[in-house]
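Inspection log for the structure reproduced underneath, given as structure tokens.
The values are calculated or read from the model by the stated rules, or taken from the named source; none is laboratory data. This is a predicted model, so every value here is computed, not measured. Neighbour counts run over all protein chains shown; Cβ positions are idealised from the backbone, glycine included.
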Amino acid sequence: MLPTKSFPAGRSWVLTLLLWAGPVVQPVPAHNLAGHSGTDPGALPQEKNPTVVQKVQKQGDPVEFLLPTPDGSPLDAEQLRGKAVLLCFTAHGSPLMRLLLRQMNTIADNHPQVTLCLVLTNSTQPRDRDFISDADLKTWRDQLHLTYPVARDPRGTLLFQRLNLSVIPSFVLLRKDGTVAVKREGLDLTTNLAEQMRADLLRVVQPD
């Protein structure tokens, strides 16, 4: 499980690492991603080359990803082109999850032109203690009535590490062309995420 970073009240810029679910995940070489236990190439559309997931992310390039979802249909970056997208990386079971979802719901209400995507880094292997099955994930999502997509990035090997992120939660705001507008790591508990990102969220939905 990836470490969690928050900014506690009264200590705005002191970072607290909550290593609540094991050691920090070490980066996995790109050439090993296709064989990672959390990725089933057979589940991907046949017309899509799964090597798109392994692409090294270069600064200024559109972000390419093909992330599995608990419903079976992958979250495809190409299908999101033309939309401003906020990717939120976290993990099911995170102590910050309830607060995070409240703040994401605020963003969804105040910025309906921005597409939100919740990306969970939990393992897909039952032997791992941060494991959650697709069935349990769907039940959890439906109980919370989440209106935005929920995707999986097992142990961060498909996209999280490629974006040079190191803690959860982390947020990546994509422009309509798929390039990165803003990256934020950690959750500042002294202010609201929607307020922190307001200017950026308004900027990315402006006409080109």
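Got a sec? Which of Gly82, Gly60 is exposed (fewer than 13 other Cβ atoms within 10 Å of the Cβ), of a type in the set (Gly, Ala, Ser), out of contact with any His (no Cβ under 9 Å at 6 or more places or on another chain) and modelled with pLDDT of 95 or more? Even if it seems obvious, please write down each step before you answer.
Details: Gly60 fails: modelled with pLDDT of 95 or more.
Testing whether each residue is exposed (fewer than 13 other Cβ atoms within 10 Å of the Cβ), of a type in the set (Gly, Ala, Ser), out of contact with any His (no Cβ under 9 Å at 6 or more places or on another chain) and modelled with pLDDT of 95 or more leaves just Gly82.
For the stretch 134-179, what are the residues that are outside any loop (DSSP other than H, G, I, E, B) and free of Cβ contacts under 8 Å to residues at least 60 places away in the same chain? Passing the criteria: Asp136, Thr139, Trp140, Asp142, Gln143, Leu144.
Among the listed residues Val172, Val150, Val119, which satisfies the condition of being within 16 Å of Ala77 (Cα to Cα), in contact with a Cys (Cβ under 7 Å, 6 or more places away or on another chain) and among the β-branched types (Val, Ile, Thr)? Steps first, answer last, please.
Values: Val172 fails: in contact with a Cys (Cβ under 7 Å, 6 or more places away or on another chain); Val150 fails: in contact with a Cys (Cβ under 7 Å, 6 or more places away or on another chain).
One residue alone meets the criteria, Val119.
Kindly indicate whether Leu67 is crowded, with 19+ Cβ neighbours inside 10 Å, closer than 17 Å to Ser166 by Cα and out of contact with any Gly (no Cβ under 8 Å at 6 or more places or on another chain).
Working: crowded, with 19+ Cβ neighbours inside 10 Å: yes; closer than 17 Å to Ser166 by Cα: no; out of contact with any Gly (no Cβ under 8 Å at 6 or more places or on another chain): yes.
Judged against the criteria, Leu67 is not a match.
Could you tell me how many of the residues in the stretch 67-114 are without any contact (Cβ under 8 Å) to a residue 24 or more places away in the chain and not basic (Lys, Arg)?
Within the stretch 67-114, the subset without any contact (Cβ under 8 Å) to a residue 24 or more places away in the chain is 73, 78-79, 97-98, 102, 105, 109, 112.
Right, trim to not basic (Lys, Arg) and you get 73, 78-79, 97, 105, 109, 112.
The total comes to 7.
A search for C-beta distances below 6 Å between a residue of the stretch 188-206 that is in contact (Cβ under 8 Å) with a residue 60 or more places away in the chain and any residue that is surrounded by fewer than 14 Cβ atoms within 10 Å (Cβ to Cβ) and assigned to a loop (DSSP other than H, G, I, E, B), counting only pairs 6+ apart in sequence or on different chains, returns Leu189/Pro8; Leu189/Ala9; Thr190/Ala9; Thr190/Ser12; Val205/Gln113. Checked against the criterion of being more than 12 Å from the chain's Cα centre (by Cα), crowded, with 20+ Cβ neighbours inside 10 Å and modelled with pLDDT under 95, the candidates Leu189, Leu193, Leu201 yield just one match: Leu193.
Against the list (1) buried (at least 17 other Cβ atoms within 10 Å of the Cβ); (2) in contact with a strand residue (DSSP E or B) (Cβ under 7 Å, 6 or more places away or on another chain); (3) at pLDDT below 95, the condition Val172 fails is (3).
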